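Pasting a structure below so you can have a look.
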Amino acid sequence: MLDLFGKAILDYQTQNAPESLITATSISEEDEMDVEYLFRSYDLMPKLEQKALQLAYGKVLDVGSGAGSHALSLQNDRNLAVTAIDISENAIKTCQLRGIQNAIAIDILQFNTTEKFDTILLLMNGTGIFETLSKTAVYLDKLKTLLNADGQILIDSSDLIYMFDEDEDGGAWIPGNTYYGELTFTVQYKGETERPFPWLYLDYNTLQNAAFANGFNCELISEGEHYDYLARLTLA
Ligand SMILES: C[S@@+](CC[C@H](N)C(=O)[O-])C[C@H]1O[C@@H](n2cnc3c(N)ncnc32)[C@H](O)[C@@H]1O
C-alpha cells in the first residue's frame with residue numbers, strides 16, 4: 001500500500017505542499033477531493049456526523065479515523081476518552097500531531113485488545129471498511145468483540161441506487177451478479193496511483209439484515225438529504 005490517502009493527510013498537517021486527492025470508483029468518473037475536508041471542525045461536519053458525535057458516550061473507538069476530526073472533537077470538546085485507529089500510518093501520525101492521545105496504526109481486524117468500548121464510530125461511509133457484502137460478517141464479528149454489552153456502534157453509509165439509470169418502469173438497472181454497493185476505489189496523489197481497493201456502500205435495509213444475521217439490533221437514527229443515513233447497532 002502506498003498510503004496515498006495518508007500521505008495527503010500528513011502533507012496537509014505538516015504544510016508539505018498538499019494537493020487534492022483524485023478519486024474514482026468503478027461506477028463514477030475521476031473526482032477531486034480537497035484534503036482540507038478531512039480536517040473539518042464540528043461546525044463543518046454533515047448533520048449525520050454531528051448527530052453521531054452528540055450520541056457518543058463513554059469510552060469511544062473511532063475506526064478508520066483518518067485525520068481524526070471526530071476523535072479530536074470528542075476528546076477536546078466532550079472530554080471523552082477516545083482511541084483512534086486507522087490502517088494508515090501517515091493518518092495516525094497526523095492524529096498524534098493534532099493531539100489525539102490514543103492513536104494506533106492498525107487494521108481493525110488485527111486490533112487485539114482486552115479493552116471494550118461504549119461507542120464505536122465508523123464515519124464518512126463507515127461501511128466502506130467492510131470491503132464487500134460477504135466480508136461484512138467478519139467485520140461485524142470483530143466489532144462485537146470490542147463492544148461493551150450495552151455499547152453502541154454508530155455508522156453511516158448511503159444507498160447508491162441513485163447512481164444507476166432507471167428503466168421505463170422506474171426500476172433501476174443494477175448489476176445482477178454482485179451487490180450494487182460493492183465498488184472498487186482508486187486514489188491518485190502527486191502523480192502516484194494506489195492499487196484499486198474494494199469499498200462498500202450499504203443501503204439501510206441491507207445493513208439491517210447483516211446486523212440481524214450477526215447478533216445485533218439495528219436502528220435508523222436519521223436520514224440525510226441524499227440517500228445517506230446514520231444507524232446504530234447494539235448487541236441483541
Ligand atoms: C473515508 S476515510 C474516513 C476518515 C474519517 N473517518 C473521516 O470521516 O474523515 C476511511 C478511513 O478508513 C481507513 N481504513 C480503511 N480500511 C481500514 C481498516 N481495515 N482498518 C482501519 N482503518 C481502515 C482508511 O485508511 C481511511 O483513513
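The values are calculated or read from the model by the stated rules, or taken from the named source; none is laboratory data. Computed from a predicted structure; not experimentally measured. So basically every Cβ, Gly included, is an ideal-geometry build from the backbone, and we count neighbours across all protein chains shown. These accessible areas exclude ligands, DNA and RNA; they are computed on the full protein's heavy atoms, side chains included. Shrake-Rupley method; radii C 1.70, N 1.55, O 1.52, S 1.80 Å.
Among the numbered criteria (1) within 14 Å of the ligand (Cβ to nearest atom); (2) in contact with a strand residue (DSSP E or B) (Cβ under 6 Å, 6 or more places away or on another chain); (3) part of a strand (DSSP E or B), which one does residue 128 miss?
Just one mismatch for residue 128, condition (3).
Show the residue pairs that are 6+ apart or on different chains and have beta-carbon atoms under 7 Å apart, the first residue being within the range 70-97 and more than 20 Å from residue 119 (Cα to Cα), the second being within 9 Å of the ligand (Cβ to nearest atom) and of a type in the set (Val, Ile, Thr).
90/9; 91/9; 94/9
Consider the range 198-222. How many of its residues are more than 18 Å from residue 119 (Cα to Cα), of a type outside the set (S, T, N, Q) and free of Cβ contacts under 8 Å to residues at least 60 places away in the same chain?
3
Which count do you get for residues in the range 82-96 that are closer than 15 Å to residue 38 by Cα and in a loop (DSSP other than H, G, I, E, B)?
Total meeting the criteria: 1.
From 22, 9, which residue is within 11 Å of the ligand (Cβ to nearest atom) and either of a type outside the set (Lys, Arg) or out of contact with any Ser or Thr (no Cβ under 7 Å at 6 or more places or on another chain) (or both)?
Step by step, each of 22, 9 is checked, and only 9 is within 11 Å of the ligand (Cβ to nearest atom) and either of a type outside the set (Lys, Arg) or out of contact with any Ser or Thr (no Cβ under 7 Å at 6 or more places or on another chain) (or both).
Next question, about the same structure. Look at the range 221-236 and say how many of its residues are open to solvent by 60 Å² or more (accessible area, probe 1.4 Å) and in contact with a strand residue (DSSP E or B) (Cβ under 6 Å, 6 or more places away or on another chain).
Within the range 221-236, residues that are open to solvent by 60 Å² or more (accessible area, probe 1.4 Å) and in contact with a strand residue (DSSP E or B) (Cβ under 6 Å, 6 or more places away or on another chain) number 3.
So in the range 145-171, with the set limited to residues that are of a type outside the set (Ser, Thr, Tyr) and in contact with an Asp or Glu (Cβ under 6 Å, 6 or more places away or on another chain), which one is nearest to residue 216 (Cα to Cα)?
151
Ok, one more. Please go through the range 98-122 and pick out each residue that is without any contact (Cβ under 8 Å) to a residue 40 or more places away in the chain, surrounded by 18 or more Cβ atoms within 10 Å (Cβ to Cβ) and farther than 14 Å from residue 61 by Cβ.
105
Can you tell me how many residues in the range 38-67 are within 10 Å of the ligand (Cβ to nearest atom), in a loop (DSSP other than H, G, I, E, B) and either β-branched (Val, Ile, Thr) or in contact with an Asp or Glu (Cβ under 7 Å, 6 or more places away or on another chain) (or both)?
Within the range 38-67, residues that are within 10 Å of the ligand (Cβ to nearest atom), in a loop (DSSP other than H, G, I, E, B) and either β-branched (Val, Ile, Thr) or in contact with an Asp or Glu (Cβ under 7 Å, 6 or more places away or on another chain) (or both) number 3.
Here is a follow-up. Residues that are over 26 Å from residue 4 (Cβ atoms): which strands (runs of 3 or more DSSP E) entirely in the range 171-236 hold 2 or more of them?
The qualifying strands (runs of 3 or more DSSP E) are 216-223, 228-235.
For residues in the range 30-60 being free of Cβ contacts under 8 Å to residues at least 12 places away in the same chain and of a type outside the set (D, E, K, R), which is farthest from residue 193 (Cα to Cα)?
Per the criteria, the residue is 54.
Within the range 133-147, is there a residue that is within 12 Å of residue 64 (Cα to Cα), open to solvent by 10 Å² or more (accessible area, probe 1.4 Å) and in contact (Cβ under 8 Å) with a residue 24 or more places away in the chain?
Looking for residues that are within 12 Å of residue 64 (Cα to Cα), open to solvent by 10 Å² or more (accessible area, probe 1.4 Å) and in contact (Cβ under 8 Å) with a residue 24 or more places away in the chain, one finds none in the range 133-147, hence no.
Now, a different point. Say whether the condition of being open to solvent by less than 70 Å² (accessible area, probe 1.4 Å) and more than 24 Å from residue 220 (Cα to Cα) is met by at least one residue in the range 46-67.
The answer is yes, given that some residue of the range 46-67 is open to solvent by less than 70 Å² (accessible area, probe 1.4 Å) and more than 24 Å from residue 220 (Cα to Cα).
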